[in-house]
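Q: First the structure, which I've put down as structure tokens, then a few questions once you've had a look.
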Amino acid sequence: MKSRLYYRSSRLAWLFIKEQLKEPISLFWIIISPCAAFYLLALSRGRLDLLSGDYTEHTAWFYAYISSSVALFGFSFYIIGRRESGYIRSFIYNHEAKLVFILAQTLAYSVIAIIYCSVFYLATRLPFGAYSLLELLNIISKFYICYLLFCSIGFFFSLLPINFQNANTLFSIFSFCTLILGISNSLSTNFLLHTVNLGNPLVHAAELIKHGLQAKINLTLSILPIFISSLLIAIRFLRINPVWSRY
């Protein structure tokens with residue numbers, strides 16, 4: 001039974017991966033735009049020291065932002081999109097089918113997230129020195145934990161009675177607010193702003209990538225059960241509401 005479940009999930013995940021990699025707009029915004037922003041930021045300030053020193057410290061915010069983008073605009077966004085297109089109503093009509101779908105979605109975007117993380121590393125590492133496989137694996141491990149954090153948030157967004165267009169707006173507002181609050185917090189010592197950012201997942205993700213899993217062991221250990229709990233909740237309460245059907 002388990003082997004059959006894993007087989008179906010992996011086959012469906014492969015289809016989702018191919019579908020996502022065929023989206024040039026998504027490829028641009030999630031991969032190319034952070035790389036371009038990274039170099040433009042350094043050039044606009046006229047500071048070459050931004051391209052030297054500790055690589056992880058200089059890129060932590062970018063990795064955190066990419067992990068949130070893949071989780072929200074990829075993983076969660078397409079759960080909402082597929083239910084609205086009728087995919088879920090047509091093929092997912094029992095608990096096992098829901099389980100296969102959610103596992104496939106999770107597996108597919110885990111692979112996609114790691115690909116995006118690796119591409120950003122390859123595109124931005126050389127100015128700081130030679131590539132290192134151990135460093136890449138370390139960054140991927142931290143990046144993936146951050147990705148699971150944002151997937152947990154995305155699961156709960158997917159349970160809301162929203163459509164594809166509203167989801168895009170909601171994710172954009174959420175992403176913008178977390179980014180602006182996080183950047184403002186790094187440039188200010190305001191107590192109120194610091195207090196608000198205690199609940200900012202992007203700030204916690206950037207700190208985890210910057211300082212490492214061991215330094216943020218409490219955060220790391222809390223993310224895993226949160227993700228598993230949200231995964232089970234999503235499987236149990238997966239919404240089915242395609243716009244083309246009212247029966």
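Q: Based on this model, can you work out whether Leu192 counts as at negative phi, of a type outside the set (D, E, K, R) and modelled with pLDDT of 90 or more?
A: Judged against the criteria, Leu192 is not a match.
Q: Say we look at region 185-212 and pick out the residues that are part of a helix (DSSP H, G or I) and either of a type in the set (Val, Ile, Thr) or in contact with a strand residue (DSSP E or B) (Cβ under 6 Å, 6 or more places away or on another chain) (or both); which of these is nearest to Glu57 (Cα to Cα)?
A: Among those that are part of a helix (DSSP H, G or I) and either of a type in the set (Val, Ile, Thr) or in contact with a strand residue (DSSP E or B) (Cβ under 6 Å, 6 or more places away or on another chain) (or both), it is Ile209.
Q: Look through Ile80, Ile66 and report the one residue that is crowded, with 19+ Cβ neighbours inside 10 Å, touching a Pro at 6+ places or on another chain (Cβ under 6 Å) and either modelled with pLDDT of 80 or more or not in a helix (DSSP H, G or I) (or both).
A: Just one listed residue meets the conditions, Ile66.
Q: Go through region 83-100 and report how many residues are touching a helix residue (DSSP H, G or I) at 6+ places or on another chain (Cβ under 6 Å) and either more than 18 Å from Leu15 (Cβ to Cβ) or modelled with pLDDT of 75 or more (or both).
A: 4
Q: Hey, another quick one. Given the structure, is Ser229 surrounded by fewer than 17 Cβ atoms within 10 Å (Cβ to Cβ), among the polar types (S, T, N, Q) and closer than 28 Å to Gln105 by Cβ?
A: Spelling it out, Ser229 is indeed surrounded by fewer than 17 Cβ atoms within 10 Å (Cβ to Cβ), among the polar types (S, T, N, Q) and closer than 28 Å to Gln105 by Cβ.
Q: Criterion first (without any contact (Cβ under 8 Å) to a residue 40 or more places away in the chain and either more than 17 Å from the chain's Cα centre (by Cα) or on the phi < 0 side of the Ramachandran plot (or both)) does Leu221 satisfy it?
A: Considered against the rule, which asks whether it is without any contact (Cβ under 8 Å) to a residue 40 or more places away in the chain and either more than 17 Å from the chain's Cα centre (by Cα) or on the phi < 0 side of the Ramachandran plot (or both), Leu221 comes out as yes.
Q: If the Cβ limit is 6 Å and pairs must be 6+ apart or interchain, which residue in region 52-77 that is under 30 Å from Leu238 (Cβ atoms) pairs with which residue that is polar (S, T, N, Q)?
A: Pairs that qualify, where the first residue is under 30 Å from Leu238 (Cβ atoms) and the partner is polar (S, T, N, Q), are Ser76/Ser158.
Q: Follow-up. Specify the residue that is modelled with the lowest pLDDT; the eligible residues are those in region 51-63 that are crowded, with 17+ Cβ neighbours inside 10 Å and not hydroxyl-bearing (Ser, Thr, Tyr).
A: His58
Q: For region 173-199, what are the residues that are polar (S, T, N, Q) and more than 14 Å from Ser67 (Cβ to Cβ)?
A: Once the filter is applied, which keeps residues that are polar (S, T, N, Q) and more than 14 Å from Ser67 (Cβ to Cβ), region 173-199 yields Ser184, Asn185, Ser186, Ser188, Thr189, Asn190, Thr195, Asn197.
The values are calculated or read from the model by the stated rules, or taken from the named source; none is laboratory data. Source: prediction; values computed, not measured. Virtual Cβ from ideal backbone geometry, glycine too; neighbours counted across all protein chains shown.
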